[in-house]
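Working notes, beginning with the structure itself.
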2 protein chains.
Amino acid sequence: MIKIIEKIDELRKILKEYRRNNQTIGFVPTMGYLHEGHASLIKRSSSENEITIVSIFVNPIQFGPNEDLDKYPRDLERDKKVAFENGADIIFHPKVNEMYPEKLYTFVNVENLDKELCGAKREGHFKGVATVVTKLFNIVNPDKAYFGKKDAQQLAIIKKMVKDMNFDIEIIGCDIIREKDGLAKSSRNSYLKPKERKAATILKKTLDKIKEMLDNKETDVKKIINLAIKNIEKEPLAKIDYVEIVDLYTLEKVNKIETDVLVAMAVYIGKTRLIDNFDYKFN
Amino acid sequence: MIKIIEKIDELRKILKEYRRNNQTIGFVPTMGYLHEGHASLIKRSSSENEITIVSIFVNPIQFGPNEDLDKYPRDLERDKKVAFENGADIIFHPKVNEMYPEKLYTFVNVENLDKELCGAKREGHFKGVATVVTKLFNIVNPDKAYFGKKDAQQLAIIKKMVKDMNFDIEIIGCDIIREKDGLAKSSRNSYLKPKERKAATILKKTLDKIKEMLDNKETDVKKIINLAIKNIEKEPLAKIDYVEIVDLYTLEKVNKIETDVLVAMAVYIGKTRLIDNFDYKFN
């Protein structure tokens, strides 16, 4: 049976036992409300490690003051089922005051990589992410940790943090899982009303158009972005937050396609902010 | 024989072996030029752990642009001897490009605790300390780590960082070791010319005077500080950087002695900046 653990000390005790038996530990940090994207991470971890830990923690310090912390969707019963069916051994589900028992003074910040994309729009978000992931890594101390490529900037930041801070953990980025009509799976999709759900396909459709341009050797980033913006604006329920093409590794803006790039966007559908992206290898 | 290890991967490999044998690991991070203060940390670690690792790394990112990085004293041969004689098993002595192989983007910062004392004077210093200690903790992953109370602010910051970031490491603060005339042992004492060496006793003498006032129930911090300043100014070679009385835990300035406090000072003797302190329990 899958174990739900709420206390850090209890988790550490169990993990020590696994390590004493030389069992490898895979870790999938999540904010819960698990969908097929998370399921694919858990499945991969469970195929590559003897033990898989899934954390479910809606981390307050990565939400801005006007963001959706309070209404972020939660469903622990369903999460248990999804985690269990995909091979998780333990769900770590701490309360906020277990993770933050006293005023937090210490923060981990990955500078530079948080300047563009979501970082430019969500001030302090990635500082909150890097900080909680550091805490979780120190608690779980896994051999491998799994992150979705949907949060491409988060993945780049975590990879750089692990290198810079000498975490002895292999970071594995897993492909985006999509609905049949192309919409990237996201816990926030549950916010969408039926009309909005239909409109939300505009993200992937636009990414496909950009991909086509890149395949046709278009290298002028301004031209590509303008066309993409026009395409999204055809959808009345959509409001662009950003559409950007950045260097895949430094996440700095590029003007010309002459290196590996990340094509990424954030678009509001009604009040719901959705993100999507793909990376494109230049050669 | 004591082992000198320069490479992170090699150290990790050896440490894994120790851990497989369930040997406890004590860690003493230093910048080298070991004196009796370091020796006492190493001795304590070796008495409390099966294996003791001493790191010797002059960490560039904790030095300001006008500080003494280049002329910081180094003597690996003597350090080996001191470490060995006091029970160290391994010296970890990485080159700068082993610790910082590429541009560092990730920094650990312990906010608030770096506002007063040395933090106010050495901008970015404690961010550099917290960052390198995080890296070293992730590399060595010790059971216990030993720090001197001479660097009282550093000790408070590391303790808070370990709590906030859930490092599974016990931090042990060790008493200041002094010369016969009271001067706190420090690698920087080697900078002092004979006349300066004599003048340097003004720090401890002034701390003793403050201690006497506290024992006599003086609670007016302003009065205490003013007397201390006057006392230091009697020494022509001394130039005060700061004399402060702060809350022992929050490191915030206090006006009245009504809680546990840290009495700390930094004084230039010639061009050499020396620090000293004591903590005083209120009851």
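The values are calculated or read from the model by the stated rules, or taken from the named source; none is laboratory data. Just so you know, these numbers come straight off a predicted model, no measurement behind them. When we count neighbours, we look across all protein chains shown, and the Cβ atoms used for this are built from the backbone with ideal geometry, even at glycine.
Here are some notes:
- Unique match (being within 25 Å of residue A:198 (Cα to Cα) and out of contact with any strand residue (DSSP E or B) (no Cβ under 7 Å at 6 or more places or on another chain)) among A:231, A:255, A:216: A:231
- Residue that is farthest from residue B:97 (Cα to Cα) [pool: residues in region A:126-178 that are among the basic types (Lys, Arg) and out of contact with any Leu (no Cβ under 8 Å at 6 or more places or on another chain)]: A:178
- Test: residue in region A:95-105 that is part of a strand (DSSP E or B) and among the hydroxyl-bearing types (Ser, Thr, Tyr): no
- Residue within region A:136-156 that is under 19 Å from residue A:276 (Cβ atoms), among the basic types (Lys, Arg) and at pLDDT 95 or above present: yes
- Total residues in region A:1-33 satisfying the condition of being assigned to a strand (DSSP E or B) and in contact with a Ser or Thr (Cβ under 9 Å, 6 or more places away or on another chain): the figure is 6.
- In region B:60-78 there is no residue that is hydrophobic (A, V, I, L, M, F, W, C), in contact (Cβ under 8 Å) with a residue 24 or more places away in the chain and under 18 Å from residue B:140 (Cα atoms).
- Residue tally, condition outside any loop (DSSP other than H, G, I, E, B), closer than 17 Å to residue A:108 by Cβ and in contact with a helix residue (DSSP H, G or I) (Cβ under 9 Å, 6 or more places away or on another chain), over region B:161-193: 3
- Going through (1) in contact with a strand residue (DSSP E or B) (Cβ under 7 Å, 6 or more places away or on another chain); (2) in contact (Cβ under 8 Å) with a residue 60 or more places away in the chain one by one, residue A:177 falls short only on (1).
- Residues (out of contact with any helix residue (DSSP H, G or I) (no Cβ under 8 Å at 6 or more places or on another chain), of a type in the set (Gly, Ala, Ser) and closer than 17 Å to residue A:150 by Cβ) located in region A:27-76: A:37, A:40, A:45
- Residue within region A:223-240 that is crowded, with 19+ Cβ neighbours inside 10 Å and in a strand (DSSP E or B) present: yes
- The single condition among (1) out of contact with any Lys or Arg (no Cβ under 9 Å at 6 or more places or on another chain); (2) touching a residue at least 40 places away in the same chain (Cβ under 8 Å); (3) over 27 Å from residue A:69 (Cα atoms) that residue A:203 does not satisfy is (3).
- Checked against the criterion of being within 14 Å of chain B (Cβ to nearest Cβ), surrounded by 14 or more Cβ atoms within 10 Å (Cβ to Cβ) and not in a loop (DSSP other than H, G, I, E, B), the candidates A:91, A:42, A:61 yield just one match: A:61.
- Annotation: of all residues in region B:122-157 being polar (S, T, N, Q) and in contact (Cβ under 8 Å) with a residue 12 or more places away in the chain, the one that is surrounded by the fewest Cβ atoms within 10 Å (Cβ to Cβ) is B:141.
- For the residues A:47, A:55, the requirement of being more than 19 Å from the chain's Cα centre (by Cα) and among the small types (Gly, Ala, Ser) singles out A:47.
- Residue match in region A:96-106 (condition: surrounded by 21 or more Cβ atoms within 10 Å (Cβ to Cβ), within 14 Å of another protein chain (Cβ to nearest Cβ) and of a type in the set (Ser, Thr, Tyr)): yes
- Criterion violated by residue B:127 - all others in (1) among the basic types (Lys, Arg); (2) more than 23 Å from residue B:254 (Cα to Cα); (3) more than 10 Å from chain A (Cβ to nearest Cβ) satisfied: (3)
- Residues (within 13 Å of another protein chain (Cβ to nearest Cβ) and either touching a helix residue (DSSP H, G or I) at 6+ places or on another chain (Cβ under 6 Å) or at pLDDT 95 or above (or both)) located in region B:112-123: B:113, B:114, B:119
- Selection of region B:163-214 for residues being away from every other protein chain (no Cβ under 14 Å) and among the polar types (S, T, N, Q) yields B:186, B:187, B:189, B:190, B:201, B:206.
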